[in-house]
Every structure is written in C-alpha cells, then in structure tokens.
1. With the structure loaded, tell me whether P331 is touching a residue at least 12 places away in the same chain (Cβ under 8 Å), under 14 Å from F140 (Cβ atoms) and in contact with a helix residue (DSSP H, G or I) (Cβ under 9 Å, 6 or more places away or on another chain) or whether it fails that test.
2. For G107, state whether it is closer than 16 Å to T73 by Cα, modelled with pLDDT of 90 or more and in contact with a Ser or Thr (Cβ under 9 Å, 6 or more places away or on another chain).
3. Out of region 90-130, which residues are of a type in the set (V, I, T), open to solvent by less than 40 Å² (accessible area, probe 1.4 Å) and within 18 Å of Y166 (Cβ to Cβ)?
4. If you go through region 325-363, how many residues are open to solvent by 10 Å² or more (accessible area, probe 1.4 Å), among the hydrophobic types (A, V, I, L, M, F, W, C) and in a helix (DSSP H, G or I)?
5. Restricting the search to region 34-54, which residues are open to solvent by 40 Å² or more (accessible area, probe 1.4 Å) and part of a helix (DSSP H, G or I)?
6. Give the residues of region 226-253 that are open to solvent by less than 60 Å² (accessible area, probe 1.4 Å) and among the small types (G, A, S), sorted by residue number.
7. Report whether or not E395 is within 17 Å of K276 (Cβ to Cβ), open to solvent by 50 Å² or more (accessible area, probe 1.4 Å) and out of contact with any Lys or Arg (no Cβ under 8 Å at 6 or more places or on another chain).
8. So which of L19, L12, L87 ends up being closer than 30 Å to P189 by Cβ, of a type in the set (A, V, I, L, M) and not in a helix (DSSP H, G or I)?
Amino acid sequence: MRGWLRGTVGGLPAVYWYLWAGLLINRVGGFAVLYLSLYLTAERGAGSALAGLVVGTYGIGGVAGTLAGGVLTDRWGRRATLLAAHLACSAVLVALAVSSPLPVIAGLCLLLGLTQAMPGPAFVAAITDTVPAGHRLRAFNLQFWAFNLGTAGASLLAGLLARWSYLGLFLIDAASTLVTALLIAWKVPETLGGAGRSGPATGGMRTVLADRIFLAFVGLTLLQALLSSQTNTIVPLAMHGDGLGPGAYGLVTALGGALIVLGQLFVPKVIDGRRKDRVLALSMVVMAAGFAVLTVADSLPAYLAAAAVWTVGGMLAAPPNAAINSELAPPLLRGRYQAVFYLSFPAASFVAPALGGAGLEAFGAGHWAVVAAVGMVAAALHLAAGPARERRVAEAPRPAPERPAA
C-alpha cells in the first residue's frame, strides 16, 4: 500500500498540493449553484420558466469567464487571476444571499458564472508550470479525482443545508471560496515568471486559433464532451420513456460518481507508458460500448451496467486530455489555450440536448447507435491525429533548468 501511495501521489511539489487542496475546498463548498433554481422558485417566487432563464445567465457568464480567465492568466499571472476570481466570487455569493429583486439576482447569476469559471485556466496553467512533465499525468489525474470528490461532497452537503437555510447555503459557499483565496495568497507563488522564459511572448488568441493541431484536439474533445453530456441530458429522458423514475436516474448518477472516487487513483498505473492517442482512442471505444448498451436497455440493471462502462471510458480519458493540452500550449499562452479547450464543454452542454432530444424523438433507441458511432469515429480520429501531436511535442524546445519557486 505504501508503494502504491508513493507511485500515485509521490514526487509532486508542495505548491501543487496547495493548488489541489484549494480546488477540493472550492468544489466541496460550491453547492449554491446546485440549488439555484429551487431557491428562485421557493424563496423568490419565480415560476419555473423564469427561474430557468435566470439560471441560464450563469451559463452565459461561464463562457465569458472562461475566456477572460484564460487571457488574464497570461497577462496578470496565475496567482493574481486566482485571487481576483475567488475574492470576487465570494462577494457575489454574499450579494446573492441578501438580494431579492429578480433582475438583480439575474445579474448576479451572470457574475457568479463568470467568477466561478475564471479560475479554471489559471489552476491548470499553474499546475503545468509547477509540475515536471514526467509527473503531469498523475497530477492531472489527481486533479480530476479531487474535482469529482468535491462535487460528490457538495451534492451531499447541499441537500442538508437547503433544508436548513438557503441563506446559509450561499454564505457557506462564499466562506469556502474565501478560504481557497486565503490558501492561495498564503502558499501559492506566481508561477508565470519561471514558466514563461521560453515560448512566444506575442500572438495572443490569434496564435491559439491558428494552431491547427491544437484545434483538431479541441474538436475531438468536443466529440467526447457530446457523449458525456448525454448522461445528464438525454439519458434521463430515455429512462423516463422506459418507465424509470428520478430515483432510478439518481442511482445511475451515483454509480458513476462512486466509480470515479474509488477507481480514478488507479488509472495512472493502467495507462502509464502508453501513447496518449491510443489511450484516448480506447477510452472513446469504451464510452461508445456503454452507450451501445442503451440500444437494448429497458431496465435499471441495464442502465447501471451501461453507466459503469461509459464512466470507465471517461476515467481513462481525463488524464491524457489534460496532459496533451499542457504539452501543446506555449508557456506564455497556457491560459488562453486552456480557455479555448474548456469552451468545448459548455458548447457540448448546449449542442447535446438540442441534437440528442431530436435524435431520441426521431430514432428512439436507435439514437444510442448514432451516439456509439460518434464515439467510434472519435476513436479513429484520435489515432489519425496522434502522430502529429507526438511530433509537435518532441520538436518543442526544452526550457532551461530553473531553480524551484520559493
């Protein structure tokens, strides 16, 4: 066990663990948005349609925050962006707790989405700056695990706090965000200076949008995100059509979360030393197999089996996705590259329900055959695009050795 722990978490710098802890604290405390629609209907008297529109502003803010966070991560620095975003987010949450006019709440929801999305590119850029290339796969795997562990914890706590007080829900979320900001201010130095000694200093977003190898990778990530988004948009509709209620879907969701929390730490041992394009291709094949099961699924055990399969596929994909993203980004543009990469997920959350709903209505269970086919196409494209990515990484200039940050 000690040997396994050393192989899983050993060799990572202290700064990484402070970033990891900040991410976990933030996710565990990030439960206000989970009950935002219920808060609007139960406490502020909004109808379902109006509540949906108000909560929709959170998604708009998230897109803007991702782009702004990427640019500021490269301009201000990783630490400054993390501090500004967390402090602003904490203030917005307090304002949400005490505001009652719905137009004001809508504006604050937009700001909440913006400030909660801004730290994402900065977190990943700081991890890439801090962790040596040989350890990044494990570092990003642990980051993904912390994100899901924190989300699971937030879901459990949110239900308890919502019964107690919606005001307390927002204020405790604000407090956890503030704790993360204080931890970063205390223990996380600025990492941009050392990381940026090599790589282009100009170009900005134009450089990112002209990088065909990177954009091809983002496109493949979008295909993966389209598959993943089926699980929380179209799968519930399919289960309802098969006569299964919300409780059954809750079990399917809980199974996926439990598998990630219990099994994600073992993923690096499985994929270590293997080419990332092949791992990603395998992950897409496994996800496709999970969705293919739904073509014949009509009972809860079948849905649970399918969820187990597609969850394993997603677990395999998370570390190499993040590692490739970090390898392709020039040091001074890591924030912008992260921002463009992350945009594939809100794009998928918009496209998947629109196309998926129409597909389910038109083809019925045949919709899942189409989804599985998309996964198989993505697997083939990963194998085709992988060699160009590998050459790009191999030809990249190596930065000069640096003294560790204080």
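1. Details: touching a residue at least 12 places away in the same chain (Cβ under 8 Å): yes; under 14 Å from F140 (Cβ atoms): no; in contact with a helix residue (DSSP H, G or I) (Cβ under 9 Å, 6 or more places away or on another chain): yes.
In short, no.
2. Numbers: closer than 16 Å to T73 by Cα: no; modelled with pLDDT of 90 or more: yes; in contact with a Ser or Thr (Cβ under 9 Å, 6 or more places away or on another chain): yes.
So G107 does not fit the description; no.
3. Just the residues of region 90-130 that are of a type in the set (V, I, T), to begin with: 92, 94, 98, 104-105, 115, 124, 127-128, 130.
Cutting the leftovers down to open to solvent by less than 40 Å² (accessible area, probe 1.4 Å) gives us 92, 105, 115, 124, 127-128, 130.
Matches in region 90-130: V92, I105.
4. 13
5. Residues satisfying the conditions are L34, Y35, S37, L38, T41, A42, S48, A49, L50, G52, L53.
6. S228, S229, A238, G245, G247, A248, G250
7. Values: within 17 Å of K276 (Cβ to Cβ): yes; open to solvent by 50 Å² or more (accessible area, probe 1.4 Å): yes; out of contact with any Lys or Arg (no Cβ under 8 Å at 6 or more places or on another chain): yes.
Yes, satisfied.
8. L12
The values are calculated or read from the model by the stated rules, or taken from the named source; none is laboratory data. Values in this document were obtained by computation on a predicted structure and should not be read as measured data. Cβ coordinates were reconstructed from backbone atoms using ideal geometry, including for glycine residues, and neighbour counts include every protein chain displayed. Each accessible area value is taken on the protein alone, full model and side chains, heavy atoms only, with ligands, DNA and RNA left out. Shrake-Rupley method; radii C 1.70, N 1.55, O 1.52, S 1.80 Å.
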